[in-house]
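Notes for the one structure printed next.
Quick note: the coordinates plus some simple rules give every number you see, no bench work behind them. Everything numeric in this text was worked out from a predicted model, so none of it was measured. Here the Cβ positions follow ideal geometry from the backbone for every residue, glycine too, while neighbour counts run over all protein chains shown.
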Amino acid sequence: MIVDPCLSDRASGLTSSDFSRLSQFIYKQCGIKMPIAKKTMLEARLQKRLRILQITSFTEYCDYLFSKAGMEEELIKMIDLVTTNKTDFFREPDHFDYLVRQAVPELESRQQLGVSRRLLVWSAGCSTGEEPYTLSMVLSDYAEAHAGFSYNILATDISTRVLDKARTAVYEEERIEPVPLSMKKKYLLRSKDRENPMVRITPELREKVHFKRLNFMDNDFGIREHVQIIFCRNVIIYFDRNTQECLINKFCRVLAPGGYLFMGHSETLNGLNVPLTPVFPTVYRKL
Ligand SMILES: C[S@@+](CC[C@H](N)C(=O)[O-])C[C@H]1O[C@@H](n2cnc3c(N)ncnc32)[C@H](O)[C@@H]1O
C-alpha cells in the first residue's frame with residue numbers, strides 16, 4: 001500500500017513543514033535541538049496551547065506564533081512547553097559532597113573568595129528550584145561550621161513557569177524525600193494541611209537565592225561579577241556540540257580563575273575547545 005505522506009501528516013496534526021518551521025525556530029531561540037524523532041512529543045506538548053487559544057490547526061498556530069503579537073504574547077508560553085524541566089533535591093548527590101568537602105575549602109585556602117569570604121554560586125538552568133535550594137542547604141551548613149563564610153546563589157532559567165514555581169518555594173512532601181533528616185528539620189516548614197501535605201523552604205534559605213530569567217543564547221548574560229561556582233547540570237544535553245562549546249566558553253568568561261563548573265553526570269566536555277580541566281567526574285576547573 002502506498003501512503004500519501006501529506007495525508008499521514010494531516011492525520012497527525014503537525015505537518016512536516018510546520019514541524020520544520022517550529023524546530024528551526026526553537027533551535028535558534030533556545031539552542032534546543034529538535035530532530036524529527038521529537039515531532040510527536042512537540043505536537044503533544046503544544047496541543048494544550050491550541051486548545052486554550054481555540055485554534056484548530058498547527059499551521060494557524062505557527063502563523064500566530066510568528067506574528068508580531070505572537071512573538072510578544074505566545075513565545076514565552078511556547079518556550080515553557082518545549083523545555084524539559086525534570087529535577088530533584090540532592091540530584092547527583094556526590095556533587096554536593098565534592099562542593100563542601102573539596103571545592104569550597106580549596107577556594108577558601110587560596111583566598112579566592114577575597115577578604116569578604118563571600119562565595120557566589122550560579123545555578124544555570126535551575127528549573128523549579130530544587131538545585132539552588134539544595135545548594136543553599138549545604139552551603140548554609142558549611143557557613144554554620146565556618147565563621148565568617150557567606151554565600152549567595154544566582155538561579156536562572158529560560159522558562160518563566162518554572163521560575164514562578166521556584167520563587168514560591170513550596171513543594172509536595174514526597175519531593176523532599178532525598179533531603180537528609182537534619183536538613184529537613186532546619187530548612188523546611190511543614191503545612192498544617194494533612195490531606196495535602198506541602199513543605200516550604202525557610203525564609204533564611206530563600207533570601208540567599210536570587211531568581212532571574214536568562215536565555216543561554218543571549219550574547220550578554222548581564223552578570224557583572226565573577227562567580228566561583230557554576231552548576232549547569234542536565235542542560236547542555238539538549239544542545240548540539242557547537243552550541244555546547246559556545247555556551248561553555250561564555251560560562252568561562254563569567255567564572256573566576258580557579259572557579260569550578262559542575263555538569264550533569266551524562267554530560268561531557270571531551271573534545272570541546274574550552275579552558276577547563278577535569279578535577280572529578282563531570283566537575284571541571286577554570287585554568
Ligand atoms: C532538565 S532541567 C535541569 C535542572 C537542574 N539543573 C537539574 O539538573 O536538576 C533543564 C533546564 O534548562 C532550562 N533551559 C533549556 N534551554 C535553556 C536556555 N536556552 N536558556 C536557559 N535555560 C534553558 C530548561 O528550562 C530547564 O528548566
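From the square roots a ≥ b ≥ c of the eigenvalues of the alpha-carbon gyration tensor of region 5-82, which class results: rounded (a/c under 1.5), prolate (a/b over b/c), or oblate?
Because a/c hits 1.5 or more and a/b fails to exceed b/c, region 5-82 counts as oblate.
Hey, if you put +1 on the Cβ of every Lys and Arg and -1 on every Asp and Glu Cβ in region 173-287, which of 270, 257, 281 ends up farthest toward the positive end of that dipole?
Result: 257, furthest along the dipole toward the positive end.
Calculate the spin-label point distance for residue 272 paired with residue 36, positioning each point 7 Å from the Cα along the beta-carbon direction, and give it in nanometres.
With each label placed 7 Å out from Cα toward Cβ, I get 2.9 nm.
Taking R0 as 45 Å, what's the FRET efficiency between residue 198 and residue 73 from their Cβ-Cβ distance, rounded to 0.05?
Numbers: r = 31 Å, r/R0 = 0.70.
It comes out at approximately 0.90.
Students often check this: by mean Cβ neighbours within 10 Å, which of 20-26, 31-37 ranks highest, and how do the rest follow?
The most tightly packed comes first, giving 20-26, 31-37.
Report the relative contact order of the chain, percent, no decimals, based on alpha-carbon pairs under 8 angstrom and at least 6 residues apart. Before the final figure, lay out the partial values.
Details: 391 pairs, mean separation 47.6, N = 287.
With pairs under 8 Å counted, the relative contact order is 17 percent.
So if I take the alpha carbon set of the chain, get Rg, then get Rh from the Kirkwood formula, what is the Rg over Rh ratio?
On the way: Rg = 21.3 Å, Rh = 20.8 Å.
Answer for the chain: 1.02.
What ranking, highest mean first, results for peptides 120-126, 13-19 when packing means the other Cβ atoms within 10 Å averaged over each residue? Let's see the in-between values first.
Values: 120-126: 25.7, 13-19: 18.4.
Averaged packing, sorted descending, gives the order 120-126, 13-19.
Assigning unit charges at the beta carbon (Lys, Arg +1; Asp, Glu -1) and nothing else, what dipole magnitude in debye, to the nearest 20, does region 5-82 show about its Cα centre?
260
Helix 241-254 versus the longest principal axis of the chain: what is the Cα-based angle in degrees, 0 to 90, to the nearest 10?
30
Filter the GluC sites (Glu not before Pro) in region 173-209 down to the DSSP loop ones having no more than 13 other Cβ atoms within 10 Å, then list what survives. Spell out each step's value before the answer.
Numbers: sites: 173, 174, 195, 204, 207; in loops: 195, 207.
For GluC sites (Glu not before Pro) across region 173-209 that sit outside H, G, I, E and B with at most 13 neighbouring Cβ atoms in 10 Å, the list reads 195, 207.
Return the Rg/Rh ratio of region 1-156 with Cα-based radii and a Kirkwood Rh.
1.19
With an 8 Å Cα cut-off and a minimum separation of 6 or more residues, compute the relative contact order for region 5-82 in percent.
Working: 45 pairs, mean separation 24.1, N = 78.
Relative contact order here is 31 percent.
How big is region 226-285 by Rg and Dmax over its Cα atoms, in Å?
Taking only Cα atoms of region 226-285, I get Rg and Dmax of 10.3, 27 Å.
Students often check this: by mean Cβ neighbours within 10 Å, which of 145-151, 161-167, 41-47 ranks highest, and how do the rest follow?
Taking the mean over residues of other Cβ atoms within 10 Å, the ranking is 161-167, 41-47, 145-151.
Of the listed pairs 86/165; 38/68; 165/192; 28/212; 165/286, which have alpha-carbon separations greater than 23 Å here? Could the numbers behind the result be given before it?
Values: 86/165 13 Å; 38/68 27 Å; 165/192 20 Å; 28/212 21 Å; 165/286 32 Å.
Pairs exceeding the cut-off: 38/68; 165/286.
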